[in-house]
Amino acid sequence: MTMKITRRGALFGASGLALAAAACSSGPRRPEPEPPTGPFRHGVASGEPDQTSVVLWTAITDDSGGDYVFQVAADEAFETIVFEEREQRNYVTSNAVSTFKTIATGLEPGARYFFRMLHNGISSPIGRTRTLPEGPVERFNIAVCSCSNYPAGYFNAYRELADTPELDLVLHLGDYLYEYAADGYASDDAERLGRVVDPPHELLAYGDYARRHALYKTDPDLQAAHAAAPWFISWDDHETANDSWRDGAENHQPDEGPWRDRVNDALRAFHDWNPTREPDDLIGGMRVVEIGDLATLAITESRLTHRDQPLDFSSFPVPDDADPEDPANRQAVAEWRANEVGRDGRELLGADQIEALADAFSAGKPWQLLAGQVVMGRVEAPNMMEALPGWLKFLVHRTDPLAWGYIQRSQFDIPLNLDAWDGYAAERERLYGALQGTGGNIVAFAGDSHNFWANRLTDDRGVQVGLEFGTASISSPSPFERIPAPGVSFSRIIEDGNPDVIRHNDRDKGFIRVSLTSHAMEVDFVTVSTIKRRGYTAGSDSRWRVETGANGLELTPV
């Protein structure tokens, strides 16, 4: 069924929209982009393809009506147009910015296309898209990314992603944007880089979220990535508010209005500004993507439907400086971990999604891909009091009370991150049990942590359930960056203290390239040398090959 061109107008109220280009230092690789002009200042995007259709999106600046035409063609010259949708509109007053999207239908499975919008004879930039394949698939290429923080630095990783050859799909695992005010998280260099956010205050209402989405969409590197291939985008917490859960968020206060009003406003803006198929309640649930006979991809919803409130260390049962050798202290921490962190009723996905995952992964295809948001593997906090040199502990003790408290607590047996699956251990075990019943080759992907991960997924008995690859951020800072520690590798400390962690990189920014065939998965942790200038060098932290062995999936460095 063809969906009529949908338009959202008057998105910003009387305040209008700032469209100034970022002013920043140029680098050796790329010149400073020209300021955007004309009606299409936010680029084009496509997303959520199936075998015969795909969602198309764009936005028009100073929209005063006229002729609107979405086109899909088999060639870049648009000589063979396979889909066209035209609409004429007349407005009483013009809009600062209007967003438009439609579903292009009647397409061929597994085919590559070009798309654009024409507005009063002016063409948008041309984007590339493709439908999902059906039947035999020789190779399928995916880029996995997450956590793009505008004020933290340039989106060089998006530019490198856009240059991926034969890219079939982009999988964004959340934190597409951040809700903080201009002087908030990761904003230290924003003014110098010309990346101060709009609006300058924290996002609370629809107009706030829409303006922030609009700002992001003016970024030329993000535009290039959206124009390169269709995207599936899942939200994590910052699309609404930090550490969001079913009934609230760490960054939502009682005087900021009802939580559900904020969620609805945030998701309305999310859908208006992205190439998504919109569920009636704006949230929907798990999405299942069939990649021919090669793979089943399941994209979960882990924030707004079932998730119980994330724990933090405010509930830690002993003082940070408690004696770790005292049996009473160790017993108190063990009980806290069993009864609070490991409480059986705590949910992240919910029973319905776990059941749906098991059903989806029972199809018997070579690969079962689980796209979540937070790290699933077991990651214990190593004993930093033992692992760190004395000079660094002295420095942290004097300068960073929050980090010092964490270092002291690490002498006990505690998870590294309670907002990840380690904070929902009982449900993770239920999930593993359901996945083991499918007999499939389970590979999970995660965002959120701003670090690269290659992890074994093991249940409480130590039996391997699958593998996990976590992507670094596009630009958001790693939590380890706050501690100046030349010569100290937190990644090596974490690897040494966790048998399930095969590779950890806590410093680089980038994304993951995945290439699937029926017999192997090739994984590349792609890095960029800097986010503080536009010139950068691309590299690779590590490359991996996954194959099926006698005892399940086997991971080999390449």
Item to complete: Give the cross-link partners of K509 among the lysines, using a straight C-alpha distance below 16 Å as the criterion and excluding same-chain residues fewer than 8 apart.
Response: K532
Discussion item. From the mean inverse distance of alpha carbon pairs (Kirkwood) and the Cα radius of gyration, derive Rg over Rh for segment 108-173.
Written reply: 1.05
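Per 0.36 nm of contour for each residue apart, how much would the distance between S542 and S315 grow if the chain were fully extended, relative to their Cα-Cα spacing? Mind showing how you got there, number by number?
Numbers: separation 227, 0.36 × 227 = 81.72 nm, distance 3.75 nm.
This chain segment gains 78.0 nm when fully extended.
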Response to the item:
Expressed to one decimal in nm², the mean projection of the alpha carbon convex hull of segment 211-296 is 7.2 nm²
Worksheet entry | A334-E386 FRET efficiency (beta carbon distance; Förster radius 25 Å; 0.05 resolution) | 0.80
Practice prompt. Compute the acute angle (0 to 90°) between the alpha-carbon long axis of helix 425-436 and the principal axis of greatest extent of the alpha-carbon atoms of the chain; round to the nearest 10°.
Written response: 70 degrees
Worksheet item: If you line up the long axis of helix 206-217 against the longest principal axis of the chain, both from Cα atoms, how many degrees apart are they, to the nearest 10?
Response: 80 degrees
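Quick one: net charge around G174, please, counting Lys, Arg +1 and Asp, Glu -1 for every other residue with C-beta under 10 Å from its C-beta. Working shown, then result.
Numbers: positive: R303; negative: D175, D236, D237, E239, D448.
Counting the neighbours of G174, the net charge comes to -4.
About the Cα centre, and with charges only on the beta carbon of Lys, Arg (+1) and Asp, Glu (-1), how big is the dipole of the chain? Nearest 20 debye, please.
Details: 52 positive and 85 negative charges, 293 e Å.
Once rounded to the nearest 20, the dipole reads 1400 debye.
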Worksheet entry | Square roots of 5 times each gyration tensor eigenvalue, C-alpha, segment 198-353, largest first, Å | 35, 22, 16
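What is the projected area of the convex hull of the Cα atoms of the chain, averaged over all directions, in nm²?
Details: hull surface 102.8 nm².
Seen from a random direction, the Cα hull of the chain projects 25.7 nm² on average.
Within a Cβ distance under 9 Å of D524, other residues only, what is the Lys/Arg minus Asp/Glu net charge? Mind dumping the intermediate values first?
On the way: positive: R513, R543; negative: E522, D541.
For residues surrounding D524, the net value is 0.
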Response to the item:
In whole angstrom, the spacing between the Cα centers of segment 525-558 and segment 283-327 equals 24 Å
Worksheet item: In whole Å, how far is the Cα centre of segment 359-416 from that of segment 203-226?
Response: 31 Å
Worksheet item: Working out 0.36 nm times the residue gap between R492 and V288, then minus their Cα-Cα distance, what length gain in nm do you get to one decimal?
Response: 69.9 nm
Worksheet item: Short version: ³J(HN,Hα) in whole Hz for each residue of segment 277-283, in order, from phi by Karplus 6.51 cos²θ - 1.76 cosθ + 1.60 (θ = phi - 60°), x for Gly and Pro, what are they?
Response: 8, 8, x, 4, 8, 6, 9
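If Lys and Arg each add +1 and Asp and Glu each add -1, what is the summed charge of the other residues whose beta carbon sits under 14 Å from the beta carbon of T296? Let's see the in-between values first.
Numbers: positive: R287, K365; negative: D50, E134, E290, D293, D359.
Result for the neighbourhood of T296: -3.
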Worksheet item: By accessible area of protein heavy atoms, probe 1.4 Å, what ranking do I407, I81, I502 get, highest first?
Response: I81, I502, I407
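Accessible area of segment 106-239 with a 1.4 Å probe: how many percent of it is carbon plus sulfur? Walk me through the intermediate numbers first.
On the way: 1980 of 3960 Å².
The value for segment 106-239 is 50 percent carbon and sulfur by accessible area.
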Practice prompt. With everything on Cα atoms, drop me the angle between helix 351-360 and the longest principal axis of the chain, reported from 0 to 90° to the nearest 10.
Written response: 70 degrees
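The values are calculated or read from the model by the stated rules, or taken from the named source; none is laboratory data. Quick caveat, the model's predicted, so the values are computed rather than measured. Please note: Cβ atoms are built from the backbone with ideal geometry, for glycine as well, and neighbour counts cover all protein chains shown. Only protein heavy atoms, including side chains, enter the accessible area calculation; ligands, DNA and RNA are left aside. Shrake-Rupley method; radii C 1.70, N 1.55, O 1.52, S 1.80 Å.
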